[in-house]
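Here's the structure, in structure tokens; my notes come after.
The values are calculated or read from the model by the stated rules, or taken from the named source; none is laboratory data. For clarity, every value in this text was computed on a predicted model and none was experimentally measured. Surface areas here come from the heavy atoms of the whole protein model, side chains and all, with no ligands, DNA or RNA. Shrake-Rupley method; radii C 1.70, N 1.55, O 1.52, S 1.80 Å.
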Amino acid sequence: MSTALCPGSFDPPTNGHIDVIERCLDVFEQVVVGVIHNPSKSPLFSAEERVALLKELLSDHTRVEVGSFEGLLVDYANSVGARVIVKGLRAVTDFDYEFQMAQMNYELANMDTMFVATSPAYSYLSSSLVKEVARLGGNVDSLVPPLVAARLEEKFRG
Ligand code: PNS
């Protein structure tokens, strides 16, 4: 069975993330969404919250699993049986860093990375900007799924 790993911070998941994950399902039989657990980055949503959000958002997809990991991405990829890592590329500005990580992951474990060109509608979208807009009271309804918009509202306005 061909399994791809879509890793990320997903703090929070955006429409762009969901788009990349759903497009992976057209190519791979199984998709594992891997949420990094990195407390030193003090995320807005805990790893448990991000996993729970993604599980709910992707609950219609029987071929998707959601988990979290600490440590090396390639170790997690191997532990879930993924042969390839899939990342979304929004613009050329993403490329340098993503290319560097892809080469490092290949060096570490012969783990390949494939890139999905993000839909133009989401090319400007990032979790950081979504958080900033939500924190400052802007409307994020067109940027994130309704569940995430509701959770952001709770986080910032109780
Ligand atoms: O959504 P993000 O923040 O761009 O995701 C980044 C992520 C989780 C893919 C990246 O931070 C990562 O791969 N972390 C694991 C650490 C690791 O394996 N480093 C060495 C190889 S580059």
For V33, enumerate residues with amide H under 5 Å from its amide H, sequence gap 5+ or separate chain, H modeled in the peptide plane.
C6, E65, V66, G67
Quick one: order T14, T93 from most to least accessible surface, probe 1.4 Å.
T93, T14
Given the C-alpha atoms of the stretch 11-158, compute the convex hull and give its volume per residue in Å³.
117 Å³
Other-chain or far-sequence residues with amide H under 5 Å of V116's (modelled H):
K87, G88, L89
What accessible area per residue, rounded to a whole number of Å², is obtained for the chain using a probe radius of 1.4 Å?
55 Å²
Short version: ³J(HN,Hα) in whole Hz for each residue of the stretch 58-73, in order, from phi by Karplus 6.51 cos²θ - 1.76 cosθ + 1.60 (θ = phi - 60°), x for Gly and Pro, what are they?
10, 5, 6, 9, 6, 8, 10, 10, 10, x, 10, 8, 10, x, 6, 4
Among S119, S42, S127, residue whose mean-square fluctuation peaks in a GNM of the chain (springs only between Cα atoms under 10 Å)
S42
Give me the Å³ per residue figure for the convex hull around the C-alpha atoms of the stretch 35-115.
121 Å³
How big is Rg to Rh over the stretch 9-74, alpha-carbon atoms, Rh as the Kirkwood inverse-mean-distance radius?
0.96
Between the stretch 91-150 and the stretch 27-69, the alpha-carbon center distance in angstrom
14 Å
Can you return the lysines within cross-link range of K87? Criterion is Cα-Cα under 24 Å, with same-chain partners fewer than 8 residues away left out.
K41, K55, K131
With all protein chains present, the chain has a carbon and sulfur share of its accessible area (1.4 Å probe) in percent of 52 percent
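Dividing the Cα convex hull volume of the stretch 104-158 by residue count, how many Å³ per residue is that?
That works out to 124 Å³ per residue.
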